[in-house]
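To start, the structure itself, in structure tokens.
The values are calculated or read from the model by the stated rules, or taken from the named source; none is laboratory data. All values derive from a computational prediction rather than experimental measurement. Here the Cβ is made from the backbone with ideal geometry for all residues, glycine too, and neighbour counts use every protein chain on show. These accessible areas exclude ligands, DNA and RNA; they are computed on the full protein's heavy atoms, side chains included. Shrake-Rupley method; radii C 1.70, N 1.55, O 1.52, S 1.80 Å.
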Amino acid sequence: MTRRLRLGVNIDHVATIRNARGGRHPDPVRAAHLAASAGADGITAHLREDRRHIADRDIERLSNEIALPLNFEMAATEEMVAIALRHRPHAACIVPERREERTTEGGLDVAGNVATLKPLVGRLVEAGIRVSMFVEADPRQLDAARAVGAPVVELHTGAYCDAEGAGRDREFARIIAAAGHAEAIGLECHAGHGLSYDTVKPVAAIATIAELNIGHFLVGEAIFIGFEASIRHMRALMDEARGR
Ligand code: PXP
């Protein structure tokens with residue numbers, strides 16, 4: 001079955017540019033409004049422990065001021081759970097976080113942390129938040145995501161996007177297999193990280209993937225063609241890949 005593919009626009013790096021100078025410009029909430037008018041289905045924002053881009057106030061404003069569903073990316077910490085429970089976003093994506101990394105490198109090791117993740121996921125699910133686990137395209141991690149009670153997995157597409165030639169084909173085969181496995185065990189499947197105009201179409205063509213979350217490329221491309229235009233073009237490529 002070909003389902004509509006949702007686009008979640010990640011606005012973290014609008015905040016990165018703002019924070020380079022302090023102050024309020026460019027405003028991630030304004031970017032979220034623009035994303036909505038350009039055809040985004042949701043807004044994604046990652047409140048990192050070190051607040052390097054999105055700030056607490058951004059999450060508060062995104063929760064109060066935008067009509068689109070908010071996907072709150074968070075590390076599996078007590079601090080972040082408390083913030084999620086306070087704002088009750090539509091969704092929460094649990095990601096690994098290491099202070100020294102430049103971006104989210106690799107997926108969460110759900111399989112190795114079932115005992116700690118299960119109660120944490122349970123509290124979020126109980127609050128009505130749709131929880132996804134950001135994992136590598138590895139069936140073991142998907143089985144663990146199901147075991148901790150998450151209804152959704154997001155497959156990390158970074159290795160696929162970074163690879164070239166036969167390496168990229170291998171990574172893509174892993175993504176297809178993982179998307180199939182997610183469907184087989186009853187998990188909704190999302191994907192994201194590093195996607196660009198060049199890499200989005202094969203992933204968007206996987207019929208069982210329900211949502212892509214894309215940020216850095218769209219914000220970078222906005223410098224050249226504008227934020228709305230970059231989102232509209234990405235949306236068009238996704239629709240083309242789905243044969244819509
Ligand atoms: N999905 C998740 C879980 C992420 O952590 C990120 C990066 O913050 C993205 C998607 C978007 O990645 P990118 O900014 O490379 O498009």
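Brief remarks follow.
- Carbon/sulfur fraction of accessible area - segment 59-176, other protein chains in place, 1.4 Å, %: 49 percent
- Heavy-atom accessible surface of Ser63, to the nearest 10 Å², is about 40 Å², with a 1.4 Å probe and all protein chains retained.
- Phi-based couplings in Hz for segment 85-97 (Karplus 6.51, -1.76, 1.60; Gly and Pro marked x): 5, 6, 9, 6, x, 4, 9, 9, 10, 8, 10, x, 9
- Label-to-label distance, Arg244 versus Asp56, with points set 7 angstrom from Cα along the beta-carbon direction: 3.8 nm.
- Over the chain: helical MRE at 222 nm, DSSP H runs n ≥ 4 each giving -39500 (n - 2.57), nearest 500: -14500 deg cm²/dmol
- Against the criterion of solvent-accessible heavy-atom surface with a 1.4 angstrom probe, His233, His13, His156 sort, most first, into His233, His13, His156.
- Karplus-based coupling profile of segment 40-47, in residue order and whole Hz: 5, 9, x, 10, 10, 9, 10, 8, with θ = phi - 60° in 6.51 cos²θ - 1.76 cosθ + 1.60 and x standing for Gly or Pro.
- The charge dipole of segment 71-170, taken about its Cα centre with unit charges on the Cβ of Lys, Arg, Asp and Glu (plus for the first two, minus for the last two), comes to roughly 420 debye.
- Charge dipole magnitude, Cβ of K and R +1, D and E -1 - segment 106-231, Cα centre, debye nearest 20: 360 debye
- Most positive-pole-ward Cα, Ala137, Leu237, Val125, against dipole of segment 108-244 from beta carbon charges: Val125
- Loop-located GluC sites (Glu not before Pro) in segment 96-160, at most 15 other Cβ atoms within 10 Å (DSSP): Glu100, Glu101, Glu105
- Between the residues Cys161, Phe227, Met74, the greatest Cα displacement towards the positive end of the dipole of the chain, with unit charges on the Cβ of Lys, Arg, Asp and Glu, is found for Phe227.
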